[in-house]
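Before any comments, here is the structure.
The values are calculated or read from the model by the stated rules, or taken from the named source; none is laboratory data. In this text the structure is predicted, and so the values were computed from the model without any measurement. Using ideal geometry, Cβ is built from the backbone for each residue, glycine included, and neighbour counts are taken over all protein chains shown. Keep in mind that these areas ignore ligands, DNA and RNA; they rest on the heavy atoms of the full protein, side chains included. Shrake-Rupley method; radii C 1.70, N 1.55, O 1.52, S 1.80 Å.
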Amino acid sequence: MLLALRHAGPRVLPRGGLAAPPAGRWPAAASAAATAATAATAATMPTTAAAAAGAALAARRGPLPPLAAAAGLPGCRRSLASTRPSTAAAGAAAAGGGGGAAEGEAAVGGAAAVAIAAESQRLRNVAIIAHVDHGKTTLVDRVLRDCNVSITSDRVMDRNELEKERGITIMSKVTSVTHGEHRINVIDTPGHADLGAEVERVLGLVDGAVLLVDATEGPMAQTKFVLNKALARGIRPLLVLNKVDRDTADPAAVEAAVFDLFASLDATDEQLDFTTLYASAKQGWTAATLDAAGSGDMRPLLDAIVSHVPPPRGADTAEPFAFLAAMLSRDPYLGRIATGRVAAGCVTPGQRVVLVASDGTKRADGRVGKILATRGLSTEELPRAVAGDIVSLTGMDAIAVGDTVAVLPDNSPAGAVPVALYSVPIDPPTVSVIFSVNESPLSGKDGTVLTSQKLASRLALEAENNVSISVSPSAGGDEATEVYGRGELQLGILIEQLRREGLEFAVSPPRVLTKSAPKPGFPSETVTLEPWEELSVEVDEGHTGLVLDKLSQRYATVLDTATLPGGRSRLKVLIPARGLLGFRPIFTADTRGSGVLHRSFAHWAELPADALPPSARKGVLVSMADGMTSAYSLATLEARGTLFVRPREEVYAGMIIGECSRGSDIDVNPVRAKQLTNIRTHAKDDAVRLSPPRAMTLETAIGYVQTDELVEVTPTKVRLRKRILDAAMRLRASKGRR
């Protein structure tokens, strides 16, 4: 039973989805096998046989509430409800006893019910999960192409501007293709650890997963993370070894490593018996064996999905409608759009529904506007959606991620609320930053949204749509908002989205979150736990020693090392999350841009008090004057460190303009101009030659600033500044801290 009534309080659903039915209500639910068998033979049944099958199916299910008959919904609830008042007549007609109009009504209703059940059984819901850059989006491109979808460019699923600019997948996206008589809903997921919540929430929508692994790199940090989440949901992943066309590929060794990873994550015997395919997404083919590799198309993968992934589990088309919202978006004309899976029943546009929050409380009444679904690369409007399908619903502006959309029977008591569907829990955030109003002398010159109220409301809206982000008022009481997230990349993407919307604000350095837990062996005492990350580092062999030295200073523990072709080394280390703050720019400088670094959340553990990482950088050059920078002044400052600004840039007192070569901060004057005289010499006429300044991206700036500094973000600029702009006040504050 998927829908039940709540009187005294919310009922908690068991892990996996459905609530147990109340005693005496629809006691004899039809088995999935019987439904599938009935659906398989529906097409060949004569009218009388269809009526008998519909009557038998209705008898096994028991009486349903007469909601649809009153609502008059075409092709969905009306067809199911019409079988209930004439069940006996339909059975008599099947036995040859006649029945007149009742026989025709039951035949039509029974055939419609069987057709809807068969439509649900032909669905396949699958997610593509993998480590970053292992070829997920390219694989989806080739699947679309082989299913007769017109593709004019690569990475067609990455439609967001940020995704196109960065070359990564940020948001999970759903598309649908047809293979034979089956329709396959495919979800493309991100591969970065900071965006892992996008993978977690869509795994509750699918019944299978395609685990994509690079045949050269093998399973990486994020591979372990997404596989662990899939196995915990009871999903049997389908393994695809991608890029087997490369000379460095070693499919046998990688497949063995993946099997060991399955075993280490406590996979069941059924999950360990996974199917393996070999592919080259770039060339557009998959094969069941290595002997057949090198030619063909994506049909072997589609055939494996149809045979390996089960039909939607727990999807009963005869139950009352229930829908779980997993993703939200907004359209300027349609309003808020909720994307999720129809857990049971059938829905048509205009149907009245109830919105139930994840805690079981009623949020609001609503009405379904349009039913939308992605077919290939286009969005289509559907006349109905059946159990097991992944669709988008409009018309409900009060809906939030994790809400249940359901209907109540007409005979429900007053105040009854449907049971909330089980929502997949998301791992908690590990870092936080504080967003505050920009109070610098240059405030308001670029942005259009400047107040703390509008900034807080925009962040609250983001928290509703993005389940991995949460917000709360800052404890400082300065009208600032604290945002909790997964890492610097995720926070950088959020900041970039806000600045493109015209917002102007200041961001504090990230703070690692902690939690308390009972001390092992001493229940009355507590210890402070911090998040630890599993780090995968790939560098040239000449840089291995330097990188290991920097990691050891941050309390990292080496788990494994491996030698790769081409003079490269791979290191797998365990490191506290605070040790990674600000480490990426240092790593890039030490490896001269050739190193590759990936991380994934490992666990919560205690960090010794004496294991705090050293300072991630040296001192900084701080401007002591307002105005425009001059080439003459910057030329004299280059000897003191690395500059962040160019000539003719506007600066102010307290703004950070460079990194000092020493360990302490230095106040400098970058606006001093060359004095003009009537004396001309060869030396005075030489042109000033400056080195290119160091570019500060959002992610780099967030990890670079320290506790007494802020990142100033405007639609066109990213500046670093001291929290206290006046030099004398900064000096007094530092003496007070000491």
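Just a yes or no: is a residue in the range 143-153 buried (at least 24 other Cβ atoms within 10 Å of the Cβ) and under 18 Å from Arg375 (Cβ atoms)?
Yes: the range 143-153 contains one or more residues that are buried (at least 24 other Cβ atoms within 10 Å of the Cβ) and under 18 Å from Arg375 (Cβ atoms).
Among residues belonging to the range 637-658 that are buried (at least 19 other Cβ atoms within 10 Å of the Cβ) and in a strand (DSSP E or B), point out the one that is farthest from the chain's Cα centre (by Cα).
Ranking the candidates gives Gly641 first.
Would you mind telling me which numbered condition in (1) surrounded by fewer than 19 Cβ atoms within 10 Å (Cβ to Cβ); (2) among the small types (Gly, Ala, Ser); (3) touching a residue at least 12 places away in the same chain (Cβ under 8 Å); (4) part of a loop (DSSP other than H, G, I, E, B) Ser295 fails?
(3)
Exactly one condition in (1) part of a loop (DSSP other than H, G, I, E, B); (2) within 30 Å of Leu203 (Cβ to Cβ); (3) among the acidic types (Asp, Glu) is not met by Glu439; state its number.
So Glu439 meets the others, but not (2).
Of the residues Leu494, Leu455, which single one is open to solvent by less than 20 Å² (accessible area, probe 1.4 Å) and either polar (S, T, N, Q) or more than 19 Å from the chain's Cα centre (by Cα) (or both)?
Sole residue among the options that is open to solvent by less than 20 Å² (accessible area, probe 1.4 Å) and either polar (S, T, N, Q) or more than 19 Å from the chain's Cα centre (by Cα) (or both): Leu455.
Give just the number: which of (1) in contact with a Leu (Cβ under 6 Å, 6 or more places away or on another chain); (2) surrounded by fewer than 16 Cβ atoms within 10 Å (Cβ to Cβ); (3) at pLDDT 90 or above does Lys515 not satisfy?
Tallying (1) in contact with a Leu (Cβ under 6 Å, 6 or more places away or on another chain); (2) surrounded by fewer than 16 Cβ atoms within 10 Å (Cβ to Cβ); (3) at pLDDT 90 or above, Lys515 fails exactly one: (3).
Within the range 565-585, is there a residue that is at negative phi, in contact with a Leu (Cβ under 8 Å, 6 or more places away or on another chain) and of a type in the set (Ser, Thr, Tyr)?
Scanning the range 565-585, I find no residue that is at negative phi, in contact with a Leu (Cβ under 8 Å, 6 or more places away or on another chain) and of a type in the set (Ser, Thr, Tyr), so the answer is no.
Filter the range 332-372 down to the residues that are among the basic types (Lys, Arg), in a strand (DSSP E or B) and either within 12 Å of Leu421 (Cβ to Cβ) or under 26 Å from the mean Cα position of the chain (by Cα) (or both) and list them by number.
Arg336, Arg341, Arg363, listed by residue number.
Being surrounded by fewer than 23 Cβ atoms within 10 Å (Cβ to Cβ) and small (Gly, Ala, Ser) is the filter here; which residues of the range 194-229 pass it?
Ala197, Gly204, Gly208, Gly218, Ala221, listed by residue number.
Out of all the residues in the range 228-261, which are free of Cβ contacts under 8 Å to residues at least 40 places away in the same chain and farther than 19 Å from Val126 by Cα?
Listed by number, the residues that qualify are Arg246, Asp247, Ala249, Asp250, Pro251, Ala252, Ala253, Glu255, Ala256, Ala257, Phe259, Asp260.
Taking the condition of being out of contact with any Lys or Arg (no Cβ under 6 Å at 6 or more places or on another chain) and at pLDDT 85 or above, how many residues in the range 674-694 meet it?
Summing the residues that are out of contact with any Lys or Arg (no Cβ under 6 Å at 6 or more places or on another chain) and at pLDDT 85 or above in the range 674-694 gives 3.
Would you call Pro429 surrounded by fewer than 14 Cβ atoms within 10 Å (Cβ to Cβ), at pLDDT 85 or above and under 29 Å from Ala577 (Cα atoms)?
It is false that Pro429 is surrounded by fewer than 14 Cβ atoms within 10 Å (Cβ to Cβ), at pLDDT 85 or above and under 29 Å from Ala577 (Cα atoms).
Just checking, which of Leu535, Leu548, Leu581 is open to solvent by 30 Å² or more (accessible area, probe 1.4 Å), within 16 Å of Leu489 (Cα to Cα) and of a type in the set (A, V, I, L, M)?
Of the residues listed, the single one that is open to solvent by 30 Å² or more (accessible area, probe 1.4 Å), within 16 Å of Leu489 (Cα to Cα) and of a type in the set (A, V, I, L, M) is Leu581.
Do we find that Glu165 is farther than 21 Å from Thr379 by Cβ, open to solvent by 30 Å² or more (accessible area, probe 1.4 Å), touching a Lys or Arg at 6+ places or on another chain (Cβ under 8 Å) and acidic (Asp, Glu) in this structure?
no
Tell me whether the range 602-609 contains one or more residues that are more than 23 Å from Thr707 (Cα to Cα), at pLDDT below 85, open to solvent by 30 Å² or more (accessible area, probe 1.4 Å) and of a type in the set (Phe, Trp, Tyr).
No; the residues of the range 602-609 include none that is more than 23 Å from Thr707 (Cα to Cα), at pLDDT below 85, open to solvent by 30 Å² or more (accessible area, probe 1.4 Å) and of a type in the set (Phe, Trp, Tyr).
If a residue must be surrounded by fewer than 18 Cβ atoms within 10 Å (Cβ to Cβ) and at pLDDT 85 or above, how many such residues does the range 554-566 contain?
7
Out of the range 298-322, which residues are outside any loop (DSSP other than H, G, I, E, B) and open to solvent by less than 40 Å² (accessible area, probe 1.4 Å)?
Leu301, Leu302, Ala304, Ile305, Val306, His308, Asp316, Ala322
If you check every pair at least six apart or on different chains, which have Cβ atoms under 9 Å apart with a residue in the range 585-612 that is closer than 21 Å to Glu488 by Cβ and in a helix (DSSP H, G or I) first and a residue that is at pLDDT below 85 and among the β-branched types (Val, Ile, Thr) second?
Every condition considered, the pairs that remain are Pro585/Thr700; Thr588/Thr700.
Kindly list the number of the only condition in (1) in a helix (DSSP H, G or I); (2) under 24 Å from Asp316 (Cα atoms) that fails for Leu461.
It is condition (2) that Leu461 fails.
Looking at (1) open to solvent by 20 Å² or more (accessible area, probe 1.4 Å); (2) closer than 16 Å to Gly135 by Cα, which one does Glu255 not meet, given that it meets all the others?
Every condition holds for Glu255 apart from (2).
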